[in-house]
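The values are calculated or read from the model by the stated rules, or taken from the named source; none is laboratory data. Because the structure is predicted, anything quoted here is derived from the model rather than measured. Cβ placement follows ideal geometry from the backbone for every residue including glycine, while neighbour counts extend to all protein chains displayed.
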Amino acid sequence: MDTDTAEGTRLLFATAARGKGRLSAILILLVVQGGASLAIPALLAAAVGAAVARAGVGRWVGLLGLVITASALTEAAVGVLASSSIGQGTAWLQVRTVRQLLRQGTRSSLAAGDACARVMQGAGSAAGLPSTAAIWLVTGLESATALVLLFLIDWRAGLALCLALPVALVLARRFVGNASAAQSAYFEAQATISARLLNALAGARTIRAAGTVATETDRVLVPLPALSSAGHQLWRVQRGVVWQFGLLLPLTEIAVLAVAGLGVGAGRTTAAQLLAVAGYLAIAMGALGQIDSLFEFAQARAGARRLAHILAGPVPSSGSRSRGAGPGAVGLRDIIVVREDGPVLDHLTLDIPAGRAMALVGRSGVGKSLVAALVGRLADPDAGVITLDGVPVQELATSELRHAVAYAFDQPALLGATVHDALAYGRTDLDRADVTAAAQAARADGFIRRLPLGYRTPLVRAPMSGGERQRLGLARALARPAAVYVLDDATSGLDTVTEAEVVEALTARLDGRTRLVVAHRATTAARCDLVAWLDDGRIRAVGPHVRLWADPDYRAVFGEQPAALGVAAHA
């Protein structure tokens with residue numbers, strides 16, 4: 001059994017434990033229903049016997065009616081409780097896996113579409129198994145009891161039924177194994193299509209502009225043959241077991257009834273007992289007729305296995321220390337980060353002085369955003385230590401670190417119902433005055449007030465350019481009183497005039513605060529106190545932009561930007 005399968009099994013047991021109250025009620029009701037079902041054939045035989053004897057038939061018919069009513073009511077109650085149990089289990093599994101995915105962040109190896117598909121597919125399938133298992137359990141006990149009663153009435157009829165059991169068990173076991181494998185392949189193909197579709201939707205404008213709609217459609221649907229193959233395999237597995245059980249069950253029923261009929265002819269049993277044999281036979285065959293439930297088990301096992309893969313993913317542990325009231329000095333010592341194609345950061349060491357603005361520059365793909373992510377533990381190094389005011393960030397409580405380090409990104413995700421919610425996201429203590437002041441500093445207040453409802457405008461009704469979204473991302477960071485601000489290319493979408501205004505406002509608002517600015521423009525680097533030049537996984541040089549500009553290799557980092565742009569703002 002592989003790791004995901006073992007973890008998936010444990011997850012199914014954990015889901016059952018979460019809903020043990022409802023499951024207990026379901027089991028009790030199922031036992032009552034089972035007892036009623038087992039009583040019905042005996043009561044029916046007694047009523048027939050009384051009718052033949054013409055004595056006391058009304059009493060038996062009345063009792064039979066009460067038992068049938070009780071069985072119907074308990075069956076309805078089981079349906080309601082089972083639905084409630086599935087809903088509760090689905091919600092718990094979805095919350096648990098979504099929280100895990102969000103805690104993993106960029107550490108997750110799954111594409112966004114794949115992760116979403118796993119959560120939506122797996123949670124419902126896995127959550128349905130506990131109530132289904134309860135039904136199996138009671139059905140099995142009910143069938144076993146009916147088989148015992150068959151033996152008590154006519155042991156030969158009971159023996160005829162037992163001959164079919166080994167064949168049924170072999171068929172069921174083979175079906176579950178084959179169906180689980182086919183269901184997993186089906187889920188995988190669906191998830192791949194979802195991931196590719198989500199990626200294509202994110203780039204819909206580019207696809208239309210390039211005229212590659214047909215090409216992208218073909219790319220998204222590349223896994224379709226695999227999906228079709230898995231679906232056909234599921235159908236073949238079901239078809240095979242259905243005809244096998246479809247042949248086995250009637251033959252078994254015919255054999256049992258034939259044996260019981262011969263017993264009536266031989267005088268071993270009465271006509272009323274033959275009626276009871278028919279009733280108990282139907283109940284005893286109930287366990288063999290649960291083929292649909294076996295398919296649900298295969299689905300649940302496949303779904304739980306996929307969820308277990310998410311839950312087994314790496315999650316950063318939270319420390320418990322506080323950094324105190326330090327000024328916001330950041331240190332990176334011997335940082336190593338390795339990816340599949342080799343090291344990205346190789347014994348990188350860098351000090352960011354408290355209260356200063358440091359630009360981080362380097363060629364595209366050299367790892368600037370990765371360094372920025374390490375400061376607030378959005379990513380962790382494979383080796384090395386990052387400190388905030390002398391305290392390793394791994395030892396800081398997560399809540400402490402989130403309040404100490406604020407981020408603004410080049411492509412900020414705006415979350416919340418309204419523009420105000422997006423700016424105050426994650427900080428319920430911020431009021432409108434705090435949000436407005438931050439928006440003014442980011443030069444976002446003007447266009448926000450031009451929206452239909454200003455700060456109360458729903459995000460879905462607030463179309464914005466890339467630069468406007470960046471300014472909202474900056475405002476969201478500025479609204480947080482942090483010790484360190486990490487601006488990951490957060491002004492790249494602004495024109496040079498707006499950028500100059502925003503940077504001036506940032507300098508005034510964040511004076512005395514530590515800033516790490518990932519920069520691609522020479523003007524952005526020139527406006528910082530210091531520049532850290534990242535090259536080949538290490539810091540090649542640290543110093544003022546105007547001094548580093550004398551190095552032609554440094555100038556080459558910024559491409560064809562004129563020398564005047566590189567120094568004018570700082571001069």
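Taken together, Ala82, Ala91, Ala115, Ala70 contain a single residue that is among the aliphatic types (A, V, I, L, M) and under 30 Å from Val277 (Cβ atoms), which is Ala70.
When Val222, Val213, Val259 are screened for being over 32 Å from the mean Cα position of the chain (by Cα), assigned by TED's automatic domain parsing to the domain that holds Ala172 and not charged (D, E, K, R), only Val259 passes.
Where helices (runs of 4 or more DSSP H) fall entirely within the stretch 108-210, those with at least 3 residues that are closer than 22 Å to Leu11 by Cα are at 112-127, 129-153, 165-202. Evaluated against (1) loosely packed, with under 13 Cβ neighbours inside 10 Å; (2) of a type in the set (S, T, N, Q); (3) touching a Ser or Thr at 6+ places or on another chain (Cβ under 7 Å), Ser71 falls short on exactly one condition, (1). Between Pro481, Pro463, the distinction of being modelled with pLDDT of 85 or more, exposed (fewer than 14 other Cβ atoms within 10 Å of the Cβ), part of a loop (DSSP other than H, G, I, E, B) and not aliphatic (A, V, I, L, M) belongs to Pro481 only. Among the criteria (1) surrounded by 16 or more Cβ atoms within 10 Å (Cβ to Cβ); (2) at negative phi; (3) not in a loop (DSSP other than H, G, I, E, B), the one Gly384 does not fulfil is (2).
Please indicate, with yes or no, whether at least one residue in the stretch 405-415 is out of contact with any strand residue (DSSP E or B) (no Cβ under 6 Å at 6 or more places or on another chain) and among the aromatic types (Phe, Trp, Tyr). Looking for residues that are out of contact with any strand residue (DSSP E or B) (no Cβ under 6 Å at 6 or more places or on another chain) and among the aromatic types (Phe, Trp, Tyr), one finds none in the stretch 405-415, hence no.
Among all residues of the stretch 51-74, there is none that is outside the structural domain of Ala272 (by TED's automatic domain parsing), over 13 Å from Pro130 (Cα atoms), at pLDDT below 85 and outside any helix (DSSP H, G or I).
Out of the stretch 191-207, which residues are β-branched (Val, Ile, Thr) and touching an Asp or Glu at 6+ places or on another chain (Cβ under 6 Å)? Selection gives Ile207 alone.
On inspection, Ser24 passes the criterion of being of a type in the set (Ser, Thr, Tyr), part of a helix (DSSP H, G or I) and loosely packed, with under 13 Cβ neighbours inside 10 Å. Only a single item in (1) over 47 Å from the mean Cα position of the chain (by Cα); (2) farther than 27 Å from Thr139 by Cα; (3) surrounded by fewer than 17 Cβ atoms within 10 Å (Cβ to Cβ) is not met by Val98, and it is number (1).
To keep it simple, each residue is scored yes or no on (1) hydrophobic (A, V, I, L, M, F, W, C); (2) surrounded by 12 or more Cβ atoms within 10 Å (Cβ to Cβ); (3) farther than 19 Å from Ala115 by Cβ.
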| position | (1), (2), (3) |
| --- | --- |
| Gly177 | no, yes, yes |
| Arg196 | no, yes, no |
| Ala200 | yes, yes, no |
| Ala214 | yes, no, yes |
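Scanning the stretch 410-430 finds no residues that are of a type outside the set (Phe, Trp, Tyr), more than 34 Å from the chain's Cα centre (by Cα) and either on the phi > 0 side of the Ramachandran plot or not in a loop (DSSP other than H, G, I, E, B) (or both). On inspection, Leu249 does not qualify as closer than 25 Å to Arg306 by Cβ, modelled with pLDDT under 80 and part of a helix (DSSP H, G or I).
If the condition is being surrounded by fewer than 18 Cβ atoms within 10 Å (Cβ to Cβ) and not hydroxyl-bearing (Ser, Thr, Tyr), then the stretch 105-115 contributes Gly105, Arg107, Ala111, Ala112. Among the residues of the stretch 400-425, the ones that are surrounded by fewer than 19 Cβ atoms within 10 Å (Cβ to Cβ) and in contact (Cβ under 8 Å) with a residue 40 or more places away in the chain come to 7 in all.
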